[in-house]
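The values are calculated or read from the model by the stated rules, or taken from the named source; none is laboratory data. Computed from a predicted model, the values in this text were never measured in an experiment. Note: ideal-geometry Cβ built from the backbone for every residue, glycine included; neighbour counts use all protein chains shown. The area values use the complete protein model at the heavy-atom level, side chains included, leaving out ligands, DNA and RNA. Shrake-Rupley method; radii C 1.70, N 1.55, O 1.52, S 1.80 Å.
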Amino acid sequence: MTQPAIHARLYRGTPRNLVRLAHALQRGELVGVPTETVYGLAANAFDARACRRIFRAKGRPAADPLIVHILALHDLARVAVPNEAALRLARKFWPGPLTLVLPKKPAVPDVVTAGRPSVAVRMPRHSLFRRLLKLSGVPLAAPSANAFGYVSPTTAAHVRAGLGGKIPHILDGGPAAIGLESTIVDLRDPRKPRLLRPGAITRAQLERALRRPVPLAAATRRASPGAQLAPGLLQRHYSPRTPLVLHSRITAGDLRAAGSREAWLFVSRPRKVAGANIRWLDDRGTLRGAARALFGQLRALDAGGFEKIHVELAPGTGLAEAINDRLRRAAARR
Ligand code: TXA
Ligand code: MG
């Protein structure tokens, strides 16, 4: 059974295109969508068949649940059972880069939650994605729009490069403003919140809002998928093909000693060194700029034919925690 090759079409966010894409979603088709974090691969969250297509297109294991995206706070109760802590975080940080794990409602098909009694929910901020959610009238299940295990896409071109042969539509909403996947918090027990994935909403922000500690879930640190609460958060993830070597600090001596087929990646422009194999994430050295550029730079370096990519970890806490989390996962050996 051979299928005809589909060549994904890129759509600008015109009113007419948004209506067409909303209809496509209602028919059970997949649409690559822009969000403020990374691009997603969306389907009607209430349509089990459409959601199964997401797993097929990405090559994603069926045990790895999807995030459900909603338009407004009153949609939360359509898919999940909220609690006080969840509402507090939702009011403070939605729409935005925060995903809450809560007990699920029966309307959400098992394929979305990989058979779990919980569901991950997020209200995105990107205006085009919000207009699409409004026009389609249903919550949209969407993981990051990359082939399973590869670096998440932060532009429509990244989505087309990875999935263009497998999906029909991609909505182009420009480069992602944040560049890292959302922060995920487990709030099934509101008295024991746990951070499943660090992101642009920092642990300190969550702890201030909840007035209690939000420890990083230890299980996500282990490589064994069976032991994990968040099964998609395998230790090795978000990975380029070129081996990554992490450093807390890269010195001028390191650079001098290295071969020309090794690349060097810094958060900010290093002083007194230059070369085609030396890159940095942000001219001004800000962590926000670094987060926005990280996945694009990893893709570019991966395509550069280098033997190794050396990366200097981000200094500090907050957003640095999220950047370093992605770098550690990307560097973990297969
Ligand atoms: O920023 C984001 O979160 C992006 C955009 C598209 O919204 N999405 C994203 O999705 O990064 P994905 O599938 O690449 O990562 C979602 C992760 C899964 O790997 C899984 O570990 C976790 O969310 N997750 C989903 N449902 C869960 C649940 N019921 N319990 C625990 N973890 C869950
Ligand atoms: Mg992903």
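Taking only the Cα atoms of segment 15-125, the ratio Rg/Rh comes out at 0.95, with Rh defined as the Kirkwood radius.
At 0.36 nm per residue, and after removing the present C-alpha to C-alpha distance, how many nm does the segment from Arg211 to Leu246 gain when stretched out fully?
Numbers: separation 35, 0.36 × 35 = 12.60 nm, distance 3.40 nm.
So the extension gain works out to 9.2 nm.
Within the straight-line cut-off of under 22 Å between alpha carbons, the lysines reachable from Lys58 are Lys166, sequence neighbours fewer than 8 places apart in one chain being disregarded. Among the protein heavy atoms of the chain, carbon and sulfur supply 52% of the accessible surface, probe 1.4 Å, non-protein parts ignored. Positive-end ranking of Ala145, Gly304, Ala330 along the dipole of the chain, with charges on Cβ about the Cα centre, is headed by Ala145.
If R0 is 25 Å, what FRET efficiency do you get for His74 and Phe148 from their C-beta distance, rounded to 0.05?
0.15
Evaluated at q = 0.17, 0.22, 0.25 Å⁻¹, a Debye calculation over the C-alpha positions of segment 244-331 (equal weights, vacuum) places log10 I(q)/I(0) at -0.64, -1.12, -1.46.
Estimated from helices alone, the mean residue ellipticity of the chain at 222 nm is -8500 deg cm²/dmol (sum of -39500 (n - 2.57) over DSSP H runs with n ≥ 4, per residue).
Given an 8 Å cut-off on Cα distances and at least 6 residues of separation, report the relative contact order of the chain as a percent. If you can, show how the numbers build up before the last one.
Values: 729 pairs, mean separation 65.1, N = 334.
Here the relative contact order equals 19 percent.
For segment 90-216, the relative contact order works out to 25 percent when only alpha carbon pairs closer than 8 Å and six or more residues apart are counted. The calculated pair-distance distribution of the chain uses every alpha carbon pair, bins of 10 angstrom beginning at 0, and gives 6, 26, 34, 23, 9, 2 percent.
Per residue, how large is the accessible surface of the chain? Use a 1.4 angstrom probe and give square angstrom. Each step should come with its number before you reach the end.
Values: 14920 Å² over 334 residues.
Accessible surface, normalised per residue, equals 45 Å².
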